[in-house]
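K.L.:
The structure follows.
The values are calculated or read from the model by the stated rules, or taken from the named source; none is laboratory data. On a predicted model such as this, the values are computed, not experimentally measured, just so you know. Cβ placement follows ideal geometry from the backbone for every residue including glycine, while neighbour counts extend to all protein chains displayed. Just so you know, the surface numbers come from the protein's heavy atoms only, side chains and all, with ligands and any DNA or RNA stripped out. Shrake-Rupley method; radii C 1.70, N 1.55, O 1.52, S 1.80 Å.
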Amino acid sequence: MKNMISPIQNAVPSPTFLWRFKLTLFLIWGLTCCKISWDSVMRMDANLRDLFLYEAFLYYNPLLLVTIMVWLWGVNVWVFLQSNVSYPKVFDIDLNHLTHKEIWKCSTWMTILVPTSMTSYLYLYSHGEVSLAASQPVLLYIFVAMLLVFPFDIFYLSSRYFFLRTLLRIAFPLQPISFPDFFLADILTSMAKVFSDLERSVCRMVNKQVATIAWLEADSVCGSHSIAIPIVLVLPYLWRLLQCLRQYKDTKEKNCLLNALKYSTAVPVIFLSALKYHVFPEKWTTLYRPLWLLSSVINSLYSFYWDITRDWDLSGFSRIFKFTKPSLVSNLFYGRHWVYFWVIGSNLVLRGSWTYKLSAHLRHNYLTVFGITLLEMFRRFQWVFFRVENEWNKITRAGVQLAEVPREEEKLLGSNIYDV
């Protein structure tokens, strides 16, 4: 019997071989999608090509950005694993939380699913199958929504529902604010562009404008002049503002009001920008544009100051993560003061450029806005490291010994109050 089993065991591919095989398949898939997409775009009339790409970009841009953010969060979790920062204790989550490998597995499937749907849309549209093309983004959005709320214990049910409950607590801050609540809400402020494009995409799907020319009318229900755009852009900031007010109600700390003031400075940036489409050009140039620039400077500098002195605690910038496992990350970053200079400098620059994205009157430069959104996501990716480390330092300095983590239901009903 042993002689019969041994050859079978020896026939099992090694992990290295499987990894290379999967990578090869992934590259073949990527090249195939690029080839089909390029040929489909080239089939279009040159005069309609830009509009064609813009529409396809609008539908798939939100999910592409979410996919990139999930990849970056996986990197954050991996670095936490290499360091002495116990991020499960910081977030008050149980031992069944997603590992960085599981997060990357989710992002890998998202990376495959979204471009595949986009390639199908481009191919079908360019070959005259307009109705089938229009169904591609609709089916993708329905699939993602159903996957999030799917009630059966597959695809990380507890993590999905914890995420959804946290979103609900963010939208309705009726209970004491926990660290996951305001942490995710801060990330959502960096994803405001995703909310805006998501609203316009869903609007066109509901009004049956996908793969049609109806959306070209700027003043249409789903056009670029819609009042819904600044309203959706400002939502994440209003959520954070309400969280700060709730925190002040619970703690009576004045810092909460100052933090609320920071988020309120984003409101004039967004709505003054939107006024360009609703006032005379002369009035925009002489009055509202200077006010928009002034509010942009105030918002950028105030946010930068708060990042450095409050979220990151500048007094703790004498060291970087204490890594417990030697790795490329620890060799690159441990004790390197240039890391802090880089993060502070890049944070200042990217805080200013992020204002560009919040401005509805600049959204016609969609590739530029997409690039700036990626930069903001990178800034938030950096911010996460120092924000979580700062919170961990507070816990360790206070000598807090966290008890066994309760069930998620108990945790959400009775979360600890954190300094936001």
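K.L.:
When both residues are 6+ apart or on different chains and their Cβ atoms are under 7 Å apart, which pairs have a first residue that lies in region 296-308 and is under 14 Å from R387 (Cα atoms), and a second that is open to solvent by 40 Å² or more (accessible area, probe 1.4 Å) and modelled with pLDDT under 90?
P.N.:
F304/L348; I308/L314; I308/I344
K.L.:
Taking region 70-86 on its own, how many of its residues are assigned to a helix (DSSP H, G or I) and either open to solvent by 30 Å² or more (accessible area, probe 1.4 Å) or without any contact (Cβ under 8 Å) to a residue 60 or more places away in the chain (or both)?
P.N.:
The number of residues fulfilling the criteria is 9.
K.L.:
Name every residue in region 256-281 that is within 25 Å of F183 (Cα to Cα), of a type in the set (A, V, I, L, M, F, W, C) and open to solvent by less than 20 Å² (accessible area, probe 1.4 Å), in order of residue number.
P.N.:
Result: C256, A260, A266, V269, I270.
K.L.:
Please list, ordered by first then second residue, the pairs with beta carbon atoms under 6 Å, 6 or more apart or interchain, first in region 184-204 and in contact (Cβ under 8 Å) with a residue 60 or more places away in the chain, second open to solvent by less than 10 Å² (accessible area, probe 1.4 Å) and of a type in the set (S, T, N, Q).
P.N.:
Note: pairs meeting the criteria are K193/T373; D197/N61.
K.L.:
Is it the case that region 60-69 has a residue that's in contact (Cβ under 8 Å) with a residue 40 or more places away in the chain and open to solvent by 70 Å² or more (accessible area, probe 1.4 Å)?
P.N.:
No.
K.L.:
Follow-up. Picking from A134, A211, A171, which residue would you name as being surrounded by 20 or more Cβ atoms within 10 Å (Cβ to Cβ), out of contact with any helix residue (DSSP H, G or I) (no Cβ under 6 Å at 6 or more places or on another chain) and touching a residue at least 24 places away in the same chain (Cβ under 8 Å)?
P.N.:
Of the residues listed, the single one that is surrounded by 20 or more Cβ atoms within 10 Å (Cβ to Cβ), out of contact with any helix residue (DSSP H, G or I) (no Cβ under 6 Å at 6 or more places or on another chain) and touching a residue at least 24 places away in the same chain (Cβ under 8 Å) is A134.
K.L.:
Which count do you get for residues in region 109-131 that are open to solvent by less than 30 Å² (accessible area, probe 1.4 Å) and modelled with pLDDT under 90?
P.N.:
1
K.L.:
Only one of these is out of contact with any Phe, Trp or Tyr (no Cβ under 8 Å at 6 or more places or on another chain), part of a helix (DSSP H, G or I) and at pLDDT below 90: D219, D181, D197. Name it.
P.N.:
Details: D219 fails: part of a helix (DSSP H, G or I); D181 fails: at pLDDT below 90.
After applying the criteria, what remains is D197.
K.L.:
Another question, then. Pull up region 282-339, narrow it to residues that are part of a helix (DSSP H, G or I), at pLDDT below 60 and open to solvent by 40 Å² or more (accessible area, probe 1.4 Å), then point me to the one that is nearest to N393 (Cα to Cα).
P.N.:
If we take residues in region 282-339 being part of a helix (DSSP H, G or I), at pLDDT below 60 and open to solvent by 40 Å² or more (accessible area, probe 1.4 Å), then S315 is nearest to N393 (Cα to Cα).
Per-residue answers, yes or no, for (1) assigned to a loop (DSSP other than H, G, I, E, B); (2) β-branched (V, I, T); (3) farther than 22 Å from F155 by Cα:
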{"residue": "P88", "(1), (2), (3)": "no, no, no"}
{"residue": "I93", "(1), (2), (3)": "yes, yes, no"}
{"residue": "L98", "(1), (2), (3)": "yes, no, no"}
{"residue": "K101", "(1), (2), (3)": "no, no, no"}
{"residue": "C106", "(1), (2), (3)": "no, no, no"}
{"residue": "V114", "(1), (2), (3)": "no, yes, no"}
{"residue": "S131", "(1), (2), (3)": "no, no, yes"}
{"residue": "L140", "(1), (2), (3)": "no, no, no"}
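K.L.:
Then there is this: Within region 148-164, track down each residue that is part of a helix (DSSP H, G or I) and either open to solvent by less than 80 Å² (accessible area, probe 1.4 Å) or among the basic types (K, R) (or both).
P.N.:
Taking region 148-164 as the starting set, the residues that turn out to be part of a helix (DSSP H, G or I) are 148-149, 157-164.
Selection gives L148, V149, L157, S158, S159, R160, Y161, F162, L164.
K.L.:
I need every pair where a residue in region 231-247 that is within 16 Å of V194 (Cβ to Cβ) and modelled with pLDDT of 95 or more has its Cβ under 7 Å from the Cβ of a residue that is among the charged types (D, E, K, R) and open to solvent by 10 Å² or more (accessible area, probe 1.4 Å), sequence separation at least 6 or different chains.
P.N.:
Listed pairs, sorted by first residue: none to list.
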